[in-house]
1. Return the total of residues in the stretch 164-200 being crowded, with 20+ Cβ neighbours inside 10 Å and either in contact with a Cys (Cβ under 6 Å, 6 or more places away or on another chain) or within 24 Å of PRO111 (Cα to Cα) (or both).
2. What's the total number of residues in the stretch 54-102 that are in a loop (DSSP other than H, G, I, E, B) and either basic (Lys, Arg) or closer than 15 Å to TRP308 by Cβ (or both)?
3. Please go through the stretch 244-278 and give me each residue that is over 28 Å from GLU350 (Cα atoms) and under 17 Å from the mean Cα position of the chain (by Cα), ordered by number.
4. Could you go through the stretch 232-242 and let me know if any residue there is in a loop (DSSP other than H, G, I, E, B) and under 19 Å from ASP150 (Cα atoms).
5. If only one of LYS268, LYS319, LYS291 is under 25 Å from PHE95 (Cβ atoms), basic (Lys, Arg) and either surrounded by fewer than 19 Cβ atoms within 10 Å (Cβ to Cβ) or touching an Asp or Glu at 6+ places or on another chain (Cβ under 8 Å) (or both), which one is it?
6. For the stretch 202-243, how many residues meet the condition of being hydrophobic (A, V, I, L, M, F, W, C), over 15 Å from the mean Cα position of the chain (by Cα) and either under 19 Å from ASN107 (Cα atoms) or crowded, with 21+ Cβ neighbours inside 10 Å (or both)?
7. Kindly indicate whether any position in the stretch 128-138 is more than 16 Å from LEU275 (Cβ to Cβ) and modelled with pLDDT under 95.
8. Would you check which residues across the stretch 196-228 are without any contact (Cβ under 8 Å) to a residue 60 or more places away in the chain and within 17 Å of THR113 (Cβ to Cβ) and list them?
Amino acid sequence: MQTKFSTAAAIFGTIALTTACTAPTPTSDQGSILGDGEYSTRTINVTRFARGNFIKVDGSSTVFPISYEAAQRYQQSNSDAPAIAVTFSGTSSGFERFCTGETDINNASRPITTAEMAACKANGIEYLELPIALDAITVVVHPENDWAEDITLEELQTIWQPDAADTINNWNQVRSSWPDRPLNLFGPGEESGTFDYFTEVIVDESGASRTDYTQSEDDSALVEAIADDPDALGYFGLGYYAANWNRLKSLAIDNGQQSSQPTIEAVKDSTYQPLTRPLLLYVDAEALETKPELQSFVQFYLKSVQDWVPFVGYVPLEKETYKLVSERFEQQEIGTVYGGEVESELSIEERLQQESTY
């Protein structure tokens, strides 16, 4: 069964925090959709505000808690701070809005793709690419699951490849020592950067996945669903597991060289591979020139994020890396150092030494 949850929004300044989540209801033979996959009504109204002094941030649900925290801290430290809307629709949907000039910042849980680069270029949207943290895509099960402690990359591919749809439905089909119980799957939808990255590294093709699973761009909704299902397995960003560690159980990832839990140490020493990835901000260059409040907010964000991002559940970059990112921002360097690739074997530090393309 395919299911999809609706999104949520956090609005700062004169607008209150709103969250939308809809209960599952089957709608077709191939799956069911929760909500309409779009913003709540109040959030749609927010996106229609004139840009003016209003800072609009959209995109990844994984990066959402980081930008939420940054906006909150910025407003607490600055009595003259403008209203800041932080919403999430998924990295891909976020880029659709960003590349048409609807938003000032796109949160991204994977680098911009060649198609998105072309869309921005066609619309005259120049952007700065700013890595802000590291994430570990975390594979989780219900805490009552007493048979699965780790999982291999091959087993993840067996579960999530397109051919697994309506075929791999029980735990013992993945590993023979696991019980003959239903395997209920939960994960992000097609608009998610987490979906793009996970399918790229696990299935070897970005966007290639079985579709008969419960989908959501709202990671909090996935947490609730998995925490309520003893037969569940799902994946999302580390921050959502860190905030719910007592309600979920993470599986160690066996990549053929070692088996690692998604810890800060494993992310920093590159043993939690290939599910470690960069989290990034894409900032509209023209908006930076015309909106001094946006310039101030991004400066605050980059200067402070290393101090508090662990409390949000993500892994900070090295201090020297943040210096490189800040230099990139101060020099207003346009374009991406990832060349449209979702996955990169190079470190962020190595990538930042590459020539930008636009």
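1. Number satisfying all stated conditions: 13.
2. So the first thing to find is which residues in the stretch 54-102 are in a loop (DSSP other than H, G, I, E, B), and the list is 54, 60-63, 78-83, 88-90, 99-102.
From what is left, the residues that are either basic (Lys, Arg) or closer than 15 Å to TRP308 by Cβ (or both) are 63.
Residues that pass the stated criteria total 1.
3. Taking the stretch 244-278 first, the residues over 28 Å from GLU350 (Cα atoms) are 244-251.
ASN244, the sole residue that qualifies.
4. Taking the stretch 232-242 first, the residues in a loop (DSSP other than H, G, I, E, B) are 237.
Those left that are additionally under 19 Å from ASP150 (Cα atoms): 237.
Yes: one or more hits.
5. On the way: LYS268 fails: under 25 Å from PHE95 (Cβ atoms); LYS319 fails: under 25 Å from PHE95 (Cβ atoms).
Just one listed residue meets the conditions, LYS291.
6. 4
7. Of the stretch 128-138, the ones more than 16 Å from LEU275 (Cβ to Cβ) are 128-132.
Then drop every residue that is not modelled with pLDDT under 95, which leaves none.
Within the stretch 128-138, not a single residue is more than 16 Å from LEU275 (Cβ to Cβ) and modelled with pLDDT under 95.
8. Listed by number, the residues that qualify are THR199, VAL203, ASP204, GLU205, GLY207, ALA208, SER209.
The values are calculated or read from the model by the stated rules, or taken from the named source; none is laboratory data. Predicted, not measured: the structure shown is a model, and the values here were computed from it. Cβ: placed from backbone, ideal geometry, glycine included. Neighbour counts: every protein chain shown.
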